[in-house]
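Rule-based calculations on the coordinates, nothing more; no lab input. Note that this is a predicted model, so its numbers are computed, not measured. No Cβ is skipped: glycine too gets one built from the backbone with ideal geometry, and neighbour counts run over all protein chains shown.
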Amino acid sequence: MVEVRRVEERRLIAPWQRLHDLGHWGDPSSTGKLGAVVDDGRVLGVTERPFTAEELHPVMRAQFGLGADFYRPSVYFVNSSVARFVEVSWLVSAAFVEFRILDLEEGPENGPPLDSGERRAEFLRACEAHGERRSWGLRALLARVEEIDPAVRGDDEEGAWYDAIVDLDPL
């Protein structure tokens, strides 16, 4: 499986191709760089080296259900063009603000006092409803990302935007 991913990674960019520097994907101390392929325009993420299971403590691998074949490539696809990257970035930034507002208005920390069994049941129902709205919002956001850039699959759990939107949980 790891070898298949390495082959896929090599298909994204040839050794002779150059990238225009677009900055970092998040915190520069812990994330990869973003680049636009010269004469092509695709946006790729690039890290110094792949991230593999060996780099994770066994407890972390077990907690997240990652096997020995866990592999995050050092080159990964982000968007098919800089214009689409910018549009998706703005959309995701705006959506994260809305998710934060949703959480502040009706998140679990804003529930009623839990002074009775009835209150606790009401609180749990509110938490479940909040989680369903949030989940629906994340799915709708990923669907819109796909509309903006059909080369991005919203259900690709190893994709850059899925990781940014779902795995990183916009809070």
Q) Say R0 is 30 Å: what FRET efficiency, to the nearest 0.05, do T31 and A126 get from their beta-carbon distance? A) 0.30
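Net charge within 15 Å of S81 by Cβ-Cβ distance, Lys/Arg positive one each and Asp/Glu negative one each, not counting S81 itself?
Working: positive: R42, R84; negative: D39, D40, E87, E146, E147, D149.
After counting each charged neighbour, the total is -4.
Between A53 and Q17, what length comes free when the chain is fully extended (0.36 nm per residue of separation minus the Cα-Cα distance, one decimal in nm)?
Details: separation 36, 0.36 × 36 = 12.96 nm, distance 2.89 nm.
Length gained, A53 through Q17: 10.1 nm.
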